[in-house]
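Working notes, structure below.
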Amino acid sequence: MLKIKNYVKAESLEQAYELNQKRSNRILGGMLWMKMSNAQIQTAIDLSGLGLNEIEETDESFRIGCMVTLRQLELHEGLNTWFDHMMQNSVKDIVGVQFRNLATVGGSIFGRFGFSDVLTAFLALDTEVELFHAGILPLREFVTMPRDNDILVRLIVKKTPGAYAYLCHRNVRTDFPVLAAGFACTKEGVRITVGARPKKAMLLTVSEDMAAKIREGVCSEEEIARIAASLAKEVPMESNLRAGKEYRSHLAEVLICRGLGILQERGPKE
Amino acid sequence: MKISLMLNGTKIEREIAPDLLLIDFVREEGCYSVKRGCETSGCGLCTVFLDEKPVLSCSVLAARADGHAVTTLEGLQKEAEEFGAFIADQGAEQCGFCNPGMIMNAIALFRENPDPTEEEMKEYLAGNLCRCSGYEGQLRGMKAFLEYKKQGGAV
């Protein structure tokens with residue numbers, strides 16, 4: 001059972017950062033995962049009073065505060081329009097609306113959970129992470145870093161024109177995914193992320209010539225199937241209660257094949 | 001620590017432990033419609049509104065409700081009774097344990113989307129589990145209620 005001795009509603013990020021340097025103190029996100037633990041927390045640090053619960057849209061990017069809920073991501077018109085409903089599709093099967101009204105973007109990303117649909121989706125986009133102490137760095141770099149006592153302040157998602165998609169497979173709706181995959185086709189190339197393998201999401205890239213063919217919509221079904229088969233082999237899978245690694249490998253091939261088909265169908269956006 | 005909040009329209013101030021969960025807080029205040037079910041944030045039995053949004057009271061600290069409005073089924077008497085009658089008409093509740101959470105979340109849906117499709121109802125209520133029924137009775141009850149509302153509230 002989670003035990004908390006003191007509770008501080010932070011008045012500034014500086015104060016929250018200072019408090020968070022003590023190992024027995026902890027930042028609260030939506031606290032849905034933390035609540036399941038037996039942690040003994042000296043001081044719980046609440047960031048909900050710092051105005052970090054907004055999605056700010058600028059000409060170049062979306063700036064998503066760490067306390068933004070998954071439900072806000074799901075309903076945000078700008079994000080859905082820009083990224084072909086990718087964020088909405090990535091969160092819509094996460095338990096229920098009541099859960100998504102609590103779970104936060106910061107908690108999902110900072111935890112770098114293997115099962116995370118949210119991490120899988122953002123990693124496929126051109127996303128940066130703003131940390132209070134370490135500054136701004138690409139999400140792909142952040143996912144490989146060990147956990148420390150920094151604070152994830154916000155995500156910055158670049159508005160890169162392109163086609164986007166999100167696919168996942170669940171044994172039961174509202175359960176963790178058996179496998180999840182995010183897709184982005186932009187001028188820079190085709191990015192694919194595979195998560196819930198069951199380890200945390202990893203990034204794959206398609207060769208430049210094939211990416212160009214997908215962008216132009218001239219890749220044959222056989223070529224897409226070949227790319228999918230080859231990329232699926234690159235993804236290390238493991239078994240757990242939900243599925244075996246062989247099944248996950250097969251599923252990866254299927255999802256990548258479908259995802260590339262969707263990207264090709266949607267075509268490039270200027 | 002001291003918190004001050006609106007509970008079902010009444011302002012209250014209480015001294016609480018920092019790790020008190022909202023479900024325990026509202027039950028201590030006599031709101032027994034809020035039930036403890038799965039304890040893993042998955043069943044929806046403990047649904048309350050926090051500033052009009054449905055949340056799982058088993059998964060949020062009472063401290064987080066400081067300065068906010070919390071509403072339980074007890075605070076929605078008329079609205080809940082009106083809709084609950086349609087659930088009862090279908091015999092949908094069976095054991096009835098899931099009913100308060102289901103009614104809270106259905107009301108949240110109707111407020112957000114007054115004319116939902118069947119798929120939208122299923123999506124919105126995906127976080128409310130019922131182990132007696134196959135959800136068909138609840139769905140029929142919701143559809144009948146929406147039809148009643150469309151007809152201007154006349155049976």
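The values are calculated or read from the model by the stated rules, or taken from the named source; none is laboratory data. Note that the structure is predicted; figures quoted are calculated from it, not measured. No Cβ is skipped: glycine too gets one built from the backbone with ideal geometry, and neighbour counts run over all protein chains shown. Accessible surface areas use protein heavy atoms only, side chains included; no ligands, DNA or RNA. Shrake-Rupley method; radii C 1.70, N 1.55, O 1.52, S 1.80 Å.
Determine if region A:164-175 includes at least one residue that is of a type in the set (Val, Ile, Thr), assigned to a loop (DSSP other than H, G, I, E, B), open to solvent by less than 60 Å² (accessible area, probe 1.4 Å) and on the phi > 0 side of the Ramachandran plot.
Narrowing region A:164-175 to residues of a type in the set (Val, Ile, Thr): A:172, A:174.
Next, from what is left, pick out any that are assigned to a loop (DSSP other than H, G, I, E, B): A:172, A:174.
Applying the additional criterion that residues be open to solvent by less than 60 Å² (accessible area, probe 1.4 Å) yields A:174.
Now narrow it down to the ones that are on the phi > 0 side of the Ramachandran plot: A:174.
The answer is yes, given that some residue of region A:164-175 is of a type in the set (Val, Ile, Thr), assigned to a loop (DSSP other than H, G, I, E, B), open to solvent by less than 60 Å² (accessible area, probe 1.4 Å) and on the phi > 0 side of the Ramachandran plot.
What about A:ILE224, is it surrounded by fewer than 23 Cβ atoms within 10 Å (Cβ to Cβ), part of a strand (DSSP E or B) and not acidic (Asp, Glu)? Explain how you work it out, then say what you get.
Working: surrounded by fewer than 23 Cβ atoms within 10 Å (Cβ to Cβ): yes; part of a strand (DSSP E or B): no; not acidic (Asp, Glu): yes.
Answer is no for this residue.
Any idea which of (1) free of Cβ contacts under 8 Å to residues at least 24 places away in the same chain; (2) in contact with a helix residue (DSSP H, G or I) (Cβ under 6 Å, 6 or more places away or on another chain); (3) over 27 Å from B:GLN138 (Cβ atoms); (4) not aromatic (Phe, Trp, Tyr) is the one B:LEU20 doesn't satisfy?
That leaves (1) as the condition not met.
If we keep just the residues of region A:235-270 that are at pLDDT below 95 and closer than 17 Å to A:PHE183 by Cβ, which is most open to solvent (accessible area, probe 1.4 Å)?
Among them, the one singled out is A:GLU265.
Considering only strands (runs of 3 or more DSSP E) fully contained in region A:1-95, which possess at least 1 residues that are of a type in the set (Phe, Trp, Tyr)? Reasoning before the result, please.
Numbers: elements: A:3-9, A:26-28, A:40-46, A:55-57, A:61-65.
Here the list reads A:3-9, A:61-65.
Which numbered condition in (1) under 16 Å from the mean Cα position of the chain (by Cα); (2) open to solvent by 30 Å² or more (accessible area, probe 1.4 Å) is the only one that B:PRO54 fails?
Among (1) under 16 Å from the mean Cα position of the chain (by Cα); (2) open to solvent by 30 Å² or more (accessible area, probe 1.4 Å), B:PRO54 violates only (2).
Condition check ((1) in contact with a helix residue (DSSP H, G or I) (Cβ under 7 Å, 6 or more places away or on another chain); (2) farther than 25 Å from A:THR81 by Cβ) across all residues:
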| residue | (1), (2) |
| --- | --- |
| A:TYR164 | yes, no |
| A:PRO198 | no, yes |
| A:LEU204 | yes, yes |
| A:GLY217 | yes, no |
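Residue under question is B:GLU82, and the condition is that it be among the acidic types (Asp, Glu), within 17 Å of A:GLN98 (Cβ to Cβ) and surrounded by fewer than 17 Cβ atoms within 10 Å (Cβ to Cβ); does it hold?
For B:GLU82, the condition - among the acidic types (Asp, Glu), within 17 Å of A:GLN98 (Cβ to Cβ) and surrounded by fewer than 17 Cβ atoms within 10 Å (Cβ to Cβ) - is not met.
If you go through region A:173-230, how many residues are closer than 20 Å to A:LYS245 by Cα and not aliphatic (A, V, I, L, M)?
11
I'd like the full set of residues that are among the hydrophobic types (A, V, I, L, M, F, W, C) and buried (at least 18 other Cβ atoms within 10 Å of the Cβ), limited to region B:125-143.
The answer is B:LEU125, B:ALA126, B:LEU129, B:CYS130, B:MET142.
Just one of B:ALA92, B:ALA63 is among the aliphatic types (A, V, I, L, M), under 25 Å from B:GLY153 (Cα atoms) and either modelled with pLDDT under 95 or surrounded by 19 or more Cβ atoms within 10 Å (Cβ to Cβ) (or both); which is it?
B:ALA92
Filter region A:112-157 down to the residues that are assigned to a helix (DSSP H, G or I) and open to solvent by 10 Å² or more (accessible area, probe 1.4 Å) and list them by number.
A:ARG140, A:GLU141
Please verify whether B:LYS35 is within 23 Å of A:ARG100 (Cα to Cα) and open to solvent by 40 Å² or more (accessible area, probe 1.4 Å), treating the condition exactly as stated.
When the stated conditions are applied, B:LYS35 passes them.
Out of region A:54-71, which residues are of a type outside the set (Ser, Thr, Tyr), open to solvent by 10 Å² or more (accessible area, probe 1.4 Å) and in contact with a Leu (Cβ under 9 Å, 6 or more places away or on another chain)? Outline the logic, then answer.
So the first thing to find is which residues in region A:54-71 are of a type outside the set (Ser, Thr, Tyr), and the list is A:54-57, A:59-60, A:62-68, A:70-71.
Those still in the list that are open to solvent by 10 Å² or more (accessible area, probe 1.4 Å) too: A:54-57, A:59-60, A:63, A:67, A:71.
Matches in region A:54-71: A:ILE55, A:GLU57, A:ARG63, A:MET67, A:ARG71.
Please work out which residue is nearest to the chain's Cα centre (by Cα), limiting yourself to region A:171-226 and to residues that are hydroxyl-bearing (Ser, Thr, Tyr) and within 28 Å of A:GLU238 (Cα to Cα).
A:THR193
Only one of these is closer than 19 Å to A:ARG71 by Cα, more than 8 Å from every other protein chain (Cβ to nearest Cβ) and not polar (S, T, N, Q): B:PHE25, B:PHE49. Name it.
Numbers: B:PHE25 fails: closer than 19 Å to A:ARG71 by Cα.
The conditions single out B:PHE49.
Could you identify the single residue in B:LEU109, B:LEU76 that is of a type outside the set (Lys, Arg), within 16 Å of the chain's Cα centre (by Cα) and within 14 Å of chain A (Cβ to nearest Cβ)?
B:LEU109
Can you confirm whether region A:92-106 contains a residue that is facing another protein chain (nearest Cβ under 9 Å), free of Cβ contacts under 8 Å to residues at least 12 places away in the same chain and either under 15 Å from the mean Cα position of the chain (by Cα) or open to solvent by less than 30 Å² (accessible area, probe 1.4 Å) (or both)?
yes
With the requirement that a residue be aliphatic (A, V, I, L, M) and within 14 Å of A:PRO198 (Cα to Cα), what does region A:233-270 give you?
Scanning region A:233-270 gives A:VAL235, A:MET237, A:LEU241, A:ALA243, A:LEU251, A:ALA252.
Looking at region A:34-42, can you tell me whether even one residue there is more than 9 Å from every other protein chain (Cβ to nearest Cβ), over 17 Å from A:THR127 (Cβ atoms), crowded, with 19+ Cβ neighbours inside 10 Å and not small (Gly, Ala, Ser)?
yes
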